[in-house]
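The values are calculated or read from the model by the stated rules, or taken from the named source; none is laboratory data. Bear in mind that the values here come from a model prediction, so they are computed numbers and not experimental data. Ideal geometry is used to build each Cβ from the backbone, glycine not excepted, and the neighbour counts take in all protein chains shown. Note: accessible area is taken over every heavy atom of the protein model, side chains too, but ligands, DNA and RNA are not part of it. Shrake-Rupley method; radii C 1.70, N 1.55, O 1.52, S 1.80 Å.
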Amino acid sequence: MLNSISYFSGVLPILAFILFYKRNKVGGYWVIFLYSILSFLTDTGYWNPWIKAHSFYLFSGFTIVEYSLFAYFLYLSLLERKFKILLVICSALFYLIALFTIVAKNRESFDSLSASLEASLLILYSILYLYEQIKDPAILFVYQSKKFWIVIAFLLYLSSTLFLFIYATTFSSQQHKSYWGINNIFDIIKNLLFVVSFGMKKNKQPEQSLENFYSEES
Amino acid sequence: MLFFGTIGMLALTIGLIVFIIFHQRKVIRYQLRLQRMEQDQQKLLLNASIRLQEEERQRIAADLHDDAGPLLATARLYLNENLVNLDKTTQLQSIYNAKSIIDDTIQLIRNISHSLMPPTLKNFGLESAVNDLFQKISGSGSMNASSRFHDYRERLQAENELIIFRVIQELVNNILKHSNASFIHLTQNTSGNKFFIRLHHDGRGITQNDFIKLNKSNVGLGLKNIQSRLKVLHGKIFFEKDMSQTYYKVTIELVKEEEDKLQEQE
């Protein structure tokens, strides 16, 4: 049941992007749209018995694609050059390790090392992005930014699944079934947050002035 | 381990999000407070400038009403007498009296007009006007005043010269009124694109902290006026005590490029 909800929730960001295309055509949101499509197609492909039999390649390939797309989105969103350089260096290391695990043919059903490394690196980039946002005095309300919600979606999804990915290779199939619910729940949350982000108007600062905002609030 | 790890990571992430949101709101509140303080300060400066303008108007009105008015009325009386009295000698005498009163009035009006815009400043520039002012002070015998312009080959824009002159006048007035100094010395020089005017005196003075305090309070109208005038030129002013602790020093700093920009805008 949860599996199905998680699967079908993958359609929501795709629909939201198409529906609010005008709001999302600039700012690198197409990367997230592309990710949503690939994620949905990967989940769909998993129903196919032949692909399921080769799921190691499917998941390993998807981990690399997922990392590439999220990292690219964060690369576009980061402002400071030193953070961008760090992202590029870490990405090179990630690709080396991920390719090594594929070539080494340690074909477990899940590539735990690459997935946990991916989650750790993306969490790091997300924190760097948020740090930049709170440092910038020009940004009045960070939560009114579309990118903020996308990064929060990554952060929640990746931080909740990090330990799951680390321990994935040690699971029995029964444990796998029971624990994989965590991934499904946060996959749904991630998709919903993408919908929120795609539905939001362009990074709009409050129409009212700061002064009015607080005087009304108090 | 998996359960605790996941819960821990989630708690950290949610904590981070909550921290970011609250931190940002705190920063915004702080910025808002700064903004309000700045607005209050500007309001004070504006009030000071309006009050000073009103005082200046009242002074001119009083000069005209108390001095020029009675003089002209007396001249009118003499001329009236001329119409009534047909005796030639008396007529000549009253015309002479009226003429001398009108001369006095002209002089009085000239003085008022000079106090509004010193002709030396308009015709010969800041250096001459300051030298003129300092010569008058020295001439009074109460204080030794001297000035030296090291690098003033090109005059500043006329409006800006007037603003700087008014600031110097205000500073000198303050020194004369409050400091009990025996000398004032003014120097001008430039360094790169910066234009400096420094005033030294050996009396009682104020430091930058006093200046800031006075600017925030309701007293110190003249200082607020200096501040608001310099704001127009994007200039700065520093009040300090000399290293030797003997003299007080006031430095006015202006950026020459700002001056050029203002010129271009006009």
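Across region A:117-129, the number of residues qualifying as open to solvent by less than 10 Å² (accessible area, probe 1.4 Å) and either touching a Gly at 6+ places or on another chain (Cβ under 7 Å) or within 11 Å of chain B (Cβ to nearest Cβ) (or both) comes to 3.
Restricting attention to region B:227-253, the residues that are in contact (Cβ under 8 Å) with a residue 24 or more places away in the chain and within 14 Å of B:Gly205 (Cβ to Cβ) add up to 12. Among the conditions (1) more than 28 Å from B:Phe4 (Cβ to Cβ); (2) open to solvent by less than 10 Å² (accessible area, probe 1.4 Å); (3) more than 14 Å from every other protein chain (Cβ to nearest Cβ), A:Leu93 misses just one, which is (2). Could you go through region B:57-73 and let me know if any residue there is in contact with a helix residue (DSSP H, G or I) (Cβ under 8 Å, 6 or more places away or on another chain), surrounded by fewer than 13 Cβ atoms within 10 Å (Cβ to Cβ) and either at pLDDT below 85 or away from chain A (no Cβ under 14 Å) (or both). Looking through region B:57-73, none of the residues is in contact with a helix residue (DSSP H, G or I) (Cβ under 8 Å, 6 or more places away or on another chain), surrounded by fewer than 13 Cβ atoms within 10 Å (Cβ to Cβ) and either at pLDDT below 85 or away from chain A (no Cβ under 14 Å) (or both).
Being within 7 Å of chain B (Cβ to nearest Cβ) and either free of Cβ contacts under 8 Å to residues at least 40 places away in the same chain or over 19 Å from A:Ile188 (Cβ atoms) (or both) is the filter here; which residues of region A:142-172 pass it? Scanning region A:142-172 gives A:Val142, A:Tyr143, A:Leu155, A:Leu156, A:Ser160, A:Phe163, A:Leu164, A:Tyr167. Against the definition (open to solvent by 70 Å² or more (accessible area, probe 1.4 Å) and either under 30 Å from A:Ile18 (Cβ atoms) or of a type in the set (A, V, I, L, M, F, W, C) (or both)), how does A:Val88 come out, yes or no? The answer is yes for A:Val88. None of B:Leu32, B:Leu12 is within 13 Å of chain A (Cβ to nearest Cβ) and either open to solvent by less than 50 Å² (accessible area, probe 1.4 Å) or of a type in the set (Val, Ile, Thr) (or both) except B:Leu32. Just one residue in the set A:Phe59, A:Phe73 is crowded, with 19+ Cβ neighbours inside 10 Å and either charged (D, E, K, R) or touching a Ser or Thr at 6+ places or on another chain (Cβ under 9 Å) (or both); that residue is A:Phe59. If you go through region A:44-64 and keep only what is closer than 21 Å to A:Leu192 by Cα and modelled with pLDDT under 80, you end up with nothing.
None of B:Gln58, B:Gln24, B:Gln91, B:Gln41 is outside the structural domain of B:Ser228 (by TED's automatic domain parsing) and closer than 27 Å to B:Ser115 by Cα except B:Gln58. Look at A:Glu132 and say whether it is touching an Asp or Glu at 6+ places or on another chain (Cβ under 9 Å), of a type outside the set (Val, Ile, Thr), surrounded by fewer than 21 Cβ atoms within 10 Å (Cβ to Cβ) and modelled with pLDDT of 80 or more. It is true that A:Glu132 is touching an Asp or Glu at 6+ places or on another chain (Cβ under 9 Å), of a type outside the set (Val, Ile, Thr), surrounded by fewer than 21 Cβ atoms within 10 Å (Cβ to Cβ) and modelled with pLDDT of 80 or more.
Only one of the listed residues (B:Ile109, B:Ile95, B:Ile101) is assigned to a helix (DSSP H, G or I), under 47 Å from the mean Cα position of the chain (by Cα) and closer than 30 Å to B:Gln169 by Cβ. That residue is B:Ile109.
May I ask you to verify whether B:Leu45 is aliphatic (A, V, I, L, M), open to solvent by 90 Å² or more (accessible area, probe 1.4 Å), assigned to a helix (DSSP H, G or I) and away from chain A (no Cβ under 14 Å)? No.
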